[in-house]
Amino acid sequence: MKAAELNDKTPEQLREQLVALKKEAFNLRFQQATGQLESTARMRAVRRDVARVKTVMNQKAASAAATN
């Protein structure tokens, strides 16, 4: 997922994306704990995607506050 893709989304879409990523991260942690995780690299990618979404959300919030 690219930050440019996230910039085009609305804040509501970003929140939905964040919830979905957090659920996926939870499921991946659960799979790792039970020894069923096949792709450990996916955990890192999901963590970074969560950070990317949060960063874009904060940027949008800051720009909205600056315009008011």
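The values are calculated or read from the model by the stated rules, or taken from the named source; none is laboratory data. Values in this document were obtained by computation on a predicted structure and should not be read as measured data. Neighbour counts are summed over all protein chains in view; Cβ atoms, including those assigned to glycine, are modelled from backbone coordinates with ideal geometry. For the accessible areas, the whole protein counts, side chains as well, though only heavy atoms, and no ligand, DNA or RNA atoms are used. Shrake-Rupley method; radii C 1.70, N 1.55, O 1.52, S 1.80 Å.
Quick rundown of the values:
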quantity	calculated
Check: the chain dipole with +1 on Lys, Arg Cβ and -1 on Asp, Glu Cβ, in debye	220 debye
Global form of the chain, assessed from the alpha-carbon gyration tensor, a/c cut-off 1.5	prolate
In sequence order, calculated HN-Hα J values of the stretch 13-22 (Karplus, 6.51, -1.76, 1.60; Hz; x Gly/Pro)	5, 5, 5, 5, 4, 5, 4, 5, 5, 5
Carbon + sulfur, % of accessible area of the chain - ligands and nucleic acids excluded, 1.4 Å	52 percent
